[in-house]
Amino acid sequence: MNPTPLKIVFGAGLLALALAGCASPTGKYFKDVDDEANLYVTPGHGKIHKVAIMPFRAPTELIGNSVSDMMVTEMLHAERYELVERSQMAQVLNESELSLAGLSTAKAVEIGNMLGADGVIIGTVDEYGTVAQRGRSFPVVGVSARLIDCASGKVVWSVDMAERAEKSEVTLPQHARRVVHCMVGSLYAQLKKSR
C-alpha cells in the first residue's frame, strides 16, 4: 500500500512536501485538505498580483520565521501570487533600519510599497506547544494570516486555524506544516470558486 501525501509529509518532512507538490498540478496538491480553516475573502480581491510575506509574530522569532517560511512554500504551490524574495525584504529593511519581526500593519504595508508589492501577508502564531492527554503529549498549533492591499490598507482575505495533532508522534514543526497547508488549501479552494 502506497503512503498518502500527508503520511509522506509527516514521515519525511518539508522536502517530501515540496516534492509531492512539484509532481502534481496545484489542484491535486491541495486535494488532501479536508479540514476547513476559518476564512474570509473580500469580494473583488483579484487585483493583487505581487505579494511580500512578512515573518509572523510568534512566541519566538525563530517560530515566526519558520511558520512564515511554511506559508511561502504553500503560497508558491497555490500559484496565485508572485512572491517577493525574503532577501529583497531584508535589504530594504536594512536600508531603512527596521526589523522584520513584529512589524505593525502600517509598517508592513510601507515595506510592501518599498518592494513594489501589491499586498503583504502578515500573520501570528497564536499557539505553538503541546497539550497532555492520557499521559501523552500532542502538538497544538494555531496560526492566523491576512493579506493587506498596499494601495488601500484594507484586508483582502483572512484565514486562521488552530488544531491539535491526532498522533502524539507528530512533531510541532510537522504539525505546523499541516496547519499551514490546510489554511492555504482552504484559501486556494475559496479563491478558485470566487474567480
If the label point sits 7 Å along Cα→Cβ of Asn94, residues of segment 108-125 with amide N under 11 Å come out as none
Which three lengths, in whole Å and largest first, does segment 36-193 cover when its Cα atoms are put on their principal axes? 51, 39, 22
Would you list which lysines come within 26 Å of Lys154, measuring only between C-alpha atoms, while excluding same-chain residues fewer than 8 positions from it? Lys47, Lys50, Lys107, Lys192, Lys193
Lys167 and Thr105 label points (each 7 Å along its Cα→Cβ direction) are spaced in nm at 4.0
For segment 59-81 and segment 168-195, what is the separation of their C-alpha centers, rounded to whole Å? 11
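Where a number appears in this text, it was derived from the coordinates with a stated rule and is not lab data. Keep in mind that what you see is a predicted model, and the values were worked out from it rather than measured. When we count neighbours, we look across all protein chains shown, and the Cβ atoms used for this are built from the backbone with ideal geometry, even at glycine.
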